Amino acid sequence: FRSNETRHYQLSLPRPHVQIDVDPAAIGRVHPADAGLAGDARSVVAALLGAIGGCEADPSWATAVMSAAQLARARLRQAIGPYAVLCDGMRDTFDERSPMVRDVTIPASSWGNRLLPVYDPSTNVSARGGGIGQGLGMAIGAAIARPEVPTALMVGDGGLAVHLGELGTVAGEQPWLVMIVFNDGGYGVLRNLQDRHFGRRAGVDLATPDFGALAGAYDIEHRRIESLGDVAEVLDKAVASRAPVLVEVDCDSFGPMPEPFVPPVPMS
């Protein structure tokens, strides 16, 4: 029920809205709740079923949910265009137990958090608040905590720039970490917001480094994805290294998404 998923909290939702959360303070914090129940969801739902009694499952519900999910995924794949190939390539390459870490970046917000399948909640690592730059630190921790499988990081060039110095930690610790850097030469979300609401740009274009030279300075392997045909080979080789690899995605070569990602926030 974040702003991105609820059209800045304007999405009409079925009523009543009952929120179950282990943290009582979280109830109604983001989206208004008609009723709140504090506790672990598994225990609370079991207690509710026991209290209600005599309920029968609606056999059409699961089918309706599955159909809605399939439709949403199909629409999202159309919206992101060629990036769907990269999404598929990541899922095909990484182990089901691989932590999939996402910084706050357009690819993560538009499809990494929504379309990239995860099979274990412990592998679903993303920022729940704050701005860009959290991803690299989270990915280092995840990779060190689960060394038996590769860890994937999705991060933008702007997000990586916030903590470039942590590449020294990567070089020193040598985790099995594939850092997938989406290089669009700037703050993409702010660009899109300015394009949509103001028709001009200011302060959103970055002087990004030569990522190959930067990785080389830390003796970290660097690979580059410049076309859809590169995706599988580059990711396969990066994972096969069993060491830190910086994979740079040239966003210019992929072109703009058919539907640019713009956060649903009011601008004035």
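The values are calculated or read from the model by the stated rules, or taken from the named source; none is laboratory data. What you see is a predicted model; the values in this text were computed from it and never measured. Every residue, glycine among them, receives a Cβ derived from its backbone with ideal geometry; neighbour counts consider all protein chains shown.
Tabulated values for the structure
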quantity: Residue 139 under 18 Å from residue 107 (Cα atoms), part of a helix (DSSP H, G or I) and modelled with pLDDT under 95; calculated: no
quantity: Every residue from region 14-27 that is part of a loop (DSSP other than H, G, I, E, B) and either among the acidic types (Asp, Glu) or more than 19 Å from residue 48 (Cβ to Cβ) (or both); calculated: 23
quantity: Close pairs from region 68-84: first closer than 16 Å to residue 108 by Cβ, partner among the polar types (S, T, N, Q), Cβ under 9 Å, at least 6 apart; calculated: 76/110; 79/110; 80/110; 83/110; 84/78
quantity: Single unsatisfied condition, residue 97 versus (1) in contact with a helix residue (DSSP H, G or I) (Cβ under 8 Å, 6 or more places away or on another chain); (2) charged (D, E, K, R); (3) not assigned by TED's automatic domain parsing to the domain that holds residue 136; calculated: (3)
quantity: Hits in region 134-165 - residues which are touching a helix residue (DSSP H, G or I) at 6+ places or on another chain (Cβ under 9 Å), surrounded by fewer than 20 Cβ atoms within 10 Å (Cβ to Cβ) and either aromatic (Phe, Trp, Tyr) or over 10 Å from residue 99 (Cα atoms) (or both); calculated: 137, 144, 162, 163, 164
quantity: Filter result for residue 128 (more than 10 Å from the chain's Cα centre (by Cα) and among the charged types (D, E, K, R)); calculated: yes
quantity: Hey, residue 35 touching a Pro at 6+ places or on another chain (Cβ under 8 Å) and not assigned by TED's automatic domain parsing to the domain that holds residue 113 or not; calculated: yes
quantity: Those residues of region 9-18 which are surrounded by 13 or more Cβ atoms within 10 Å (Cβ to Cβ) and closer than 30 Å to residue 107 by Cβ, in sequence order; calculated: 9
quantity: Selection within region 167-177 - on the phi < 0 side of the Ramachandran plot and either surrounded by fewer than 18 Cβ atoms within 10 Å (Cβ to Cβ) or polar (S, T, N, Q) (or both); calculated: 168, 169, 171, 172, 173
quantity: Only listed residue being modelled with pLDDT under 95 and under 20 Å from residue 92 (Cα atoms), chosen from 165, 158, 112; calculated: 112
